[in-house]
Amino acid sequence: MFFAIWTIVHGVILLIIDVTFFALSITENHDFVDLSFLTATLHLIAGILMLVSIKKSKPRLHMASIVLSSIYPFAEYVFLHMPVMQVIFIIIGCRYYSTVLK
């Protein structure tokens, strides 16, 4: 449950940052902002799917949400804590899948 909430909160924060950067044109490279917006949106969607998969006990949806939530932390190293935390959460999420959902 914590992993799902963590992912949703990070998705919302990253979307706000991306929209702010794009609106204020702080960065010159708009391709990076578009990629960042896309991956942040996927991160938010993954968190919502993860929350649904835990509530409804859907194992395949849970694994799909873990994979989707891994795109942002490993694609963009803006925040260095995210890849480290993602590896920990992948291990916890897979254990949850194998013990509770399966």
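The values are calculated or read from the model by the stated rules, or taken from the named source; none is laboratory data. Predicted, not measured: the structure shown is a model, and the values here were computed from it. No Cβ is skipped: glycine too gets one built from the backbone with ideal geometry, and neighbour counts run over all protein chains shown. Each accessible area value is taken on the protein alone, full model and side chains, heavy atoms only, with ligands, DNA and RNA left out. Shrake-Rupley method; radii C 1.70, N 1.55, O 1.52, S 1.80 Å.
From the list Ile90, Ile71, which one is at negative phi, out of contact with any Leu (no Cβ under 7 Å at 6 or more places or on another chain) and surrounded by fewer than 17 Cβ atoms within 10 Å (Cβ to Cβ)?
The unique qualifying residue is Ile90.
Only residues in the range 59-76 that are more than 16 Å from Ile92 (Cα to Cα) and among the acidic types (Asp, Glu) count as the first member; pair them with residues that are open to solvent by less than 60 Å² (accessible area, probe 1.4 Å) and in a helix (DSSP H, G or I), Cβ under 7 angstrom, at least 6 apart or cross-chain, and list the lot.
Taking only residues 6 or more apart or on different chains, the pairs are Glu76/Ser36; Glu76/Thr39.
Does Lys102 meet the test of being of a type in the set (D, E, K, R), at pLDDT 85 or above and open to solvent by 30 Å² or more (accessible area, probe 1.4 Å)? Full working, then the answer.
Working: of a type in the set (D, E, K, R): yes; at pLDDT 85 or above: no; open to solvent by 30 Å² or more (accessible area, probe 1.4 Å): yes.
In short, no.
Residues in the range 20-44 that are open to solvent by 80 Å² or more (accessible area, probe 1.4 Å) and modelled with pLDDT of 80 or more: how many?
Summing the residues that are open to solvent by 80 Å² or more (accessible area, probe 1.4 Å) and modelled with pLDDT of 80 or more in the range 20-44 gives 2.
Among (1) among the hydrophobic types (A, V, I, L, M, F, W, C); (2) at pLDDT below 90; (3) open to solvent by 80 Å² or more (accessible area, probe 1.4 Å), where does Ile48 come up short?
Failed condition: (2).
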